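Each remark here refers to the structure printed beneath this line.
The values are calculated or read from the model by the stated rules, or taken from the named source; none is laboratory data. Only a predicted model underlies this, so the values are computations on that prediction, with no experimental measurement involved. With ideal geometry, Cβ positions are generated from the backbone for all residues, glycine too; neighbour counts draw on all protein chains shown. Heavy atoms of the whole protein, side chains included, go into the accessibility calculation; ligands, DNA and RNA do not. Shrake-Rupley method; radii C 1.70, N 1.55, O 1.52, S 1.80 Å.
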Amino acid sequence: MEVGLQVQRSFSYRRHVFHHKTSSKIKPFIGSFPLVKTSHISSITSWRSKHPACGFSFEITASADFSRRRQRRTSTARPNSPAPKGFTPKAPVGASTQKKDTKNNGEEEGSNTATVSQIMETHNIINIGPEKDKKQVAEIPREQKINKDKKIVEAASAESEKVQGAESNQVVENGVISRSEEVNIEAKEIAVEARQSDNMKNDRILGDESVRADERILEDAMKLKLEMEKNLRKEQIERIAEENFSRGSRVFVYPQLVKPDQDIEVFLNRSLSTLKNEPDVLIMGAFNDWRWKSFTFRLNKTHLNGDWWSCLIHVSKEAYKMDFVFHNGHNVYDNNNKKDFCIPVEGGMDQFAFDDFLLEEKCKELQKLAKEQAERERAEEEKRIGEAEEAASEADKAQARAEAAKRREALQQLIKKASSSVDKVWYIDPSEFRGEDMIKVYYNKSSGPLVHAGDIWIHGGYNNWKDGLSIVQRLVSTERKDGDWWFASVVVPDRALVLDWVFADGPPQHAVVYDNNHRQDFHAVVPKSIPEELYWVKEELQIYKKLREERRLKEEAIRAKTEKKACLKAETKERTLKRFLLSQKHLVYTEPLDVQAGSTVTVFYNPANTVLSGKSEVWFRCSFNRWTHRKGPLPPQKMLPSANNSHVKANVKVPLDAYTMDFVFSEREDGGIFDNRDGMDYHIPVFGGIAKEPPMHIVHIAVEMAPIAKVGGLGDVVTSLSRAVQDLNHSVDIILPKYDCLNHSQVKDLQYQRSYSLNGTEIKVWFGKVEGISVYFLEPQNGMFLRGCIYGCQNDGERFVFFCHAALEFLLQIGSHPDIIHCHDWSSAPVAWLFKDNYKHYGLSKARIVFTIHNLEFGASNIGKAMLYSDKATTVSPTYSREVAVHPAVAPHLHKLHGILNGIDPDIWDPYDDQTIPVSYTSENVVEGKKAAKLALQQRLGLKQGDLPLVGIITRLTHQKGIHLIKHAIWRTLDRNGQVVLLGSAPDPRIQNDFVNLANQLHSSHGHHARLCLTYDEPLSHLIYAGSDFILVPSIFEPCGLTQLTAMRYGSIPIVRKTGGLHDTVFDVDHDKKRAEAQGLEPNGFNFDVADAAGVDYALNR
């Protein structure tokens, strides 16, 4: 009997004489034994022939769990051979397995091998099993060996005697008998191996037949198993169907426990359904509340008793529920009485996990779409650039043709006047010449104004001075007696048609006297020049190339400037956001500072600076997206102490669809005292989310707007705030009176739109764009805004109330539903109560009113009424909000008042892209830019040019602006040899006349150091901001102030009084270092406290 054994690990054969045995752990296998060369076998038989009285045997011992670990059945090559109990030997597998084993043992493919049985048959006994269990030992008698195997071994034994040193070098490694030295096989050994190969083929055939028999047995067993499972499934379905039918239930699924990524069968009893008379039954459904992978399948009649129909459906691996209905393919449905059918899916995702999965899928889809969109934009941009390039090229060609034609006409007129010589004045030798020839130009010095000159020079060019001055040569005197002749040797330019020149008494930049042929210059035709047509073809091409290069350089400069501008803007936004987040650090901040969707952040909170100071516990309550997130508020979380002083902390997982993080703090888990930031809550922006904040529609109703109708800072704020909010992807409109003094040049695409009536007055509506903002201009036909001014009429209150009413009526007439209506100062304050009384319940119910106090000095009664009716109120700086808190118009409504610092528009006020200043600059070249601006300002205003300290003052001349301090600062600056430039006007004629007299006095006494421009001049204001070293703002009170912000934008140092927004924006270099650091800023100017001359001097002197 032959037994195939698979080696579990390498084992060694130890050679013994007489009764000694060897034990190894092996594992049965299906296949042949690792390859053994015939030469190795022959050496074994040779040893036996020399020691006939000796024998050796091997005891091959399996591990203790041998029988338990054997799972595969084995078969014997001879079915009648005995086998050990529990173990069925199997013959070696055929050629394919042998080939694989050959390669695994490093032998060449096709080499002759011996099976394990051929090796084992050289021994008396093979023991299988542990030594303690001798019952599992199987003895294989020598008589059962195959005769042909005997012949092989005997032949190999005979030939092995020729091998030298075989006995002393035999070892067994990894089941293969080998020698330490290479054995050379003789020709006879090759013949023996060939015979062995033939015999082994027969064994392989027997092995293949055995394998096929085993496969057939296994196949029959599998068929039997499947049949049994099928019958069991059938019985279960029949039982379930009977149970459902008896209960009157018309739908069930099998298996009854539905799991993800599984096939299920859905059954419908048609006789119990609305489809009982329908020949076709279909199922239509999807997963997870109809949100995932919809499907439609046709049901088929089943073998079940009753009218049962079914179909197979694969349950999605992301499913937590399957929703479906049945229909006939047309208009008859069974939808479970309008509730739809629903089957829960167990063991998979829950709803929140699926929502997160959808977000991840959406994120991938958005990334894919963004990539595709970027590719489309890139292709469109390339196409646009190509088309623009082609158009520009055609334009340049046309311009080159026109320029060449113009030059040709001028040159032809010149050729008509040219000559080859002028008697007794000049001539050329030789008279016939061409381009690149050396010629001599002779000049009679005594014929013209150079008769007394010591030196004579020729200054020349060609083709009507096409390339400017290209010939410069000193003339030398000749010995001719018929005049004072001088000459110079000159090389003719290769493309010259005409030579042009004058004579002078010296070289360029040093000549004083010229002979220029009575201002006609001298001209000589080149007799043998290149053909004129060829010249003009080349000339046109040269002009074209020059135009192309100029255009390329210009476009590159514009592109570089645009890219840098965008980069600077992005950096400014990033710095501003970071500064804003850091400005709250004494209360709350996060790590990391910029919160990314899908990340985990740590929120730090300092209760010591809030209403929760001293509380034993602090609880964190958080949600997302303005408290509207699908998951709702997160469970309250107790905050833990942190290593950062008095701060406590909590960790938050930010969902992928978050765009803002919203939170408040409380003293207990169930509430108690809350810190909700005075009703505003805490909000931190989230970046990188797949959801974006829904855009709001904001309408500003105002009476000023820069630059078309500006009196003060209100107009600037309306424009810059609208642009900033629009940049955040919100929709912004402005409604403005159509003044007759409107600056129409700044309105793009102004056109009449419609008209409507209010209380019998027709109002025309115009529409246009101002600084990229949509503006509606209301023009009442009663002439209220045809007064030549914005303010200053006796009935200003009546005019603006009418305008506010007209603006609300316009919104109602056009069916607009804004989210926010924003009104400003006393002039549009009536919007607040007119809206609540007349429009809130009549078509504009969605809107909320926001009212902003820009200056409480004017219209306090209107402001107080607007505070009462508005939903939220703001003022333009935190300090000013505290300053006005005691005012009777404000005090009752402090709960709705918030101080929000004003800002300027960095695109409008941008020294890098300002066309009104001589040199564009950034922080990188600010010194160069401001130096050029100062020089331009001094030149324009007639001031002494030089590096003198220059103080700029840009303001309305009112008592609020500290006009007595302005006058003192002017004289103080002049006393210290500085320069002063003032730009501004006074609405009060008395103040205006006072400053006119001051201007006349200063211009006469200090004309080179002082200039007062008592008017409004927008371009000049830009030049003053850029050219000044300091900007003075000595206001008595200042709600915010934009002058100091603009000054810092242009690199000028602000000198301000410590009040309102001036205090919030300017940090003294000597006294405000800590205050600036708390805001994430650096000191940036000088300030003073007391509104007197000493305070101004203190700041100016420093």
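Yes or no, residue by residue, for (1) under 30 Å from Arg799 (Cβ atoms); (2) in the same structural domain as Val725 (by the TED database); (3) of a type in the set (S, T, N, Q); (4) in a loop (DSSP other than H, G, I, E, B):
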| position | (1), (2), (3), (4) |
| --- | --- |
| Leu593 | no, no, no, yes |
| Arg630 | no, no, no, yes |
| Asn645 | no, no, yes, yes |
| Ala650 | no, no, no, no |
| Leu656 | no, no, no, yes |
| Met661 | no, no, no, no |
Every listed condition ((1) open to solvent by less than 100 Å² (accessible area, probe 1.4 Å); (2) assigned to a helix (DSSP H, G or I); (3) over 30 Å from Lys692 (Cβ atoms); (4) out of contact with any strand residue (DSSP E or B) (no Cβ under 8 Å at 6 or more places or on another chain)) holds for Val451 save (2)
Going through region 286-303 in order, the residues found to be out of contact with any Ser or Thr (no Cβ under 7 Å at 6 or more places or on another chain) and outside any loop (DSSP other than H, G, I, E, B) are Ser294, Phe295, Thr296, Phe297, Arg298, Lys301
Which ranges mark the strands (runs of 3 or more DSSP E) fully within region 455-566 that have 1 or more residues being open to solvent by 20 Å² or more (accessible area, probe 1.4 Å)? 457-462, 471-474, 485-491, 522-525
Pick out the one residue from Thr1065, Thr1015 that is within 40 Å of the chain's Cα centre (by Cα) and among the polar types (S, T, N, Q). Thr1065
Quick check: anything in region 677-687 without any contact (Cβ under 8 Å) to a residue 60 or more places away in the chain and either more than 31 Å from the chain's Cα centre (by Cα) or assigned to a helix (DSSP H, G or I) (or both)? yes
For Asp594, all conditions in the list (1) modelled with pLDDT under 95; (2) open to solvent by 70 Å² or more (accessible area, probe 1.4 Å); (3) over 24 Å from the mean Cα position of the chain (by Cα); (4) not basic (Lys, Arg) hold save one; what is the number of the exception? (3)
Residue that is in contact (Cβ under 8 Å) with a residue 40 or more places away in the chain, assigned by the TED database to the domain that holds Lys338, open to solvent by 100 Å² or more (accessible area, probe 1.4 Å) and more than 24 Å from His314 (Cβ to Cβ), where the choices are Glu242, Glu278: Glu242
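Results for (1) in a helix (DSSP H, G or I); (2) touching a Cys at 6+ places or on another chain (Cβ under 8 Å); (3) touching a residue at least 40 places away in the same chain (Cβ under 8 Å), shown as yes or no for each residue.
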site: Phe767; (1), (2), (3): no, no, no
site: Phe777; (1), (2), (3): no, no, yes
site: Asn782; (1), (2), (3): no, no, no
site: Leu786; (1), (2), (3): no, no, yes
site: Val801; (1), (2), (3): yes, no, no
site: Leu812; (1), (2), (3): yes, no, no
Being of a type outside the set (A, V, I, L, M, F, W, C), under 10 Å from Gly1080 (Cβ atoms) and in contact (Cβ under 8 Å) with a residue 60 or more places away in the chain is the filter here, so list the residues in region 568-583 that pass it. Lys578, Arg579, Ser583
Of the residues in region 845-854, those that are more than 13 Å from Thr874 (Cβ to Cβ) and surrounded by 19 or more Cβ atoms within 10 Å (Cβ to Cβ) come to Ala847
Going through region 770-780 one residue at a time, which ones are touching a Lys or Arg at 6+ places or on another chain (Cβ under 7 Å) and open to solvent by 10 Å² or more (accessible area, probe 1.4 Å)? Glu771, Gly772, Glu779
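Look at region 881-893 and say how many of its residues are open to solvent by 40 Å² or more (accessible area, probe 1.4 Å) and under 21 Å from His1063 (Cα atoms). Write out each step before concluding.
First, pick out the residues of region 881-893 that are open to solvent by 40 Å² or more (accessible area, probe 1.4 Å): 882-883, 886-888, 891-892.
After this cut, where a residue has to be under 21 Å from His1063 (Cα atoms) as well, the list is 882-883, 886-887.
Total meeting the criteria: 4.
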Determine the pairs where a residue that is touching a residue at least 40 places away in the same chain (Cβ under 8 Å) and among the aromatic types (Phe, Trp, Tyr), located within region 591-611, has a partner that is open to solvent by less than 40 Å² (accessible area, probe 1.4 Å) and not in a strand (DSSP E or B) with Cβ atoms under 7 Å apart, the partner being 6 or more residues away or on another chain. Phe604/Ser642; Phe604/His647; Tyr605/Val618; Tyr605/Met639; Tyr605/His647
Qualifying position, being under 29 Å from Trp909 (Cβ atoms), of a type in the set (Asp, Glu) and surrounded by 13 or more Cβ atoms within 10 Å (Cβ to Cβ), among Asp825, Asp740, Asp749: Asp825
Inspect all residues belonging to region 365-383 and state whether any of them is within 20 Å of Arg552 (Cα to Cα) and over 23 Å from the mean Cα position of the chain (by Cα). yes
Condition first: open to solvent by less than 50 Å² (accessible area, probe 1.4 Å), closer than 30 Å to Asn300 by Cβ and either touching a strand residue (DSSP E or B) at 6+ places or on another chain (Cβ under 8 Å) or not in a helix (DSSP H, G or I) (or both). Can you find one or more residues in region 349-366 that meet it? no
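From the list Glu377, Glu436, pick out the single residue that is outside the structural domain of Pro507 (by the TED database) and at pLDDT below 95.
Details: Glu436 fails: outside the structural domain of Pro507 (by the TED database).
After applying the criteria, what remains is Glu377.
Quick one: is Leu808 touching a Leu at 6+ places or on another chain (Cβ under 7 Å), over 20 Å from Gly760 (Cβ atoms) and either open to solvent by 20 Å² or more (accessible area, probe 1.4 Å) or not in a strand (DSSP E or B) (or both)? Quick ask: steps written out before the conclusion?
Values: touching a Leu at 6+ places or on another chain (Cβ under 7 Å): yes; over 20 Å from Gly760 (Cβ atoms): no; either open to solvent by 20 Å² or more (accessible area, probe 1.4 Å) or not in a strand (DSSP E or B) (or both): yes.
No.
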Residues of region 357-384 being small (Gly, Ala, Ser) and farther than 30 Å from Ala319 by Cα, which ones? Ala374, Ala379
Kindly provide the set of residues from region 982-1009 that are touching a strand residue (DSSP E or B) at 6+ places or on another chain (Cβ under 9 Å) and within 22 Å of Gly1095 (Cβ to Cβ), ordered by number. Leu982, Gly984, Phe995, Leu998
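Residue by residue through region 616-671, note down the ones that are in contact with a helix residue (DSSP H, G or I) (Cβ under 6 Å, 6 or more places away or on another chain) and more than 15 Å from Thr602 (Cβ to Cβ). Lay out the reasoning, then the answer.
Initially, region 616-671 is screened for residues in contact with a helix residue (DSSP H, G or I) (Cβ under 6 Å, 6 or more places away or on another chain), giving 618, 646, 656-657.
Once the filter is applied, which keeps residues that are in contact with a helix residue (DSSP H, G or I) (Cβ under 6 Å, 6 or more places away or on another chain) and more than 15 Å from Thr602 (Cβ to Cβ), region 616-671 yields Ser646, Leu656, Asp657.
Within region 370-379, is even one residue part of a strand (DSSP E or B) and either open to solvent by 50 Å² or more (accessible area, probe 1.4 Å) or within 23 Å of Asp263 (Cα to Cα) (or both)?
no
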Any idea how many residues of region 903-919 are surrounded by fewer than 20 Cβ atoms within 10 Å (Cβ to Cβ) and in a helix (DSSP H, G or I)? 2
Cβ-Cβ under 7 Å pairs, at least 6 apart or on other chains, region 1000-1017 side under 16 Å from Leu950 (Cα atoms), far side part of a helix (DSSP H, G or I) and among the β-branched types (Val, Ile, Thr): Ala1010/Ile970
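Among the residues of region 275-285, count how many are in a loop (DSSP other than H, G, I, E, B) and of a type in the set (Val, Ile, Thr).
Of region 275-285, the ones in a loop (DSSP other than H, G, I, E, B) are 275-281.
Next cut, of a type in the set (Val, Ile, Thr) only: 281.
Total meeting the criteria: 1.
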Would you pick out the residues in region 983-1024 that are open to solvent by 10 Å² or more (accessible area, probe 1.4 Å) and either among the β-branched types (Val, Ile, Thr) or not assigned by the TED database to the domain that holds Gly942 (or both)? Ile991, Val996, Thr1015
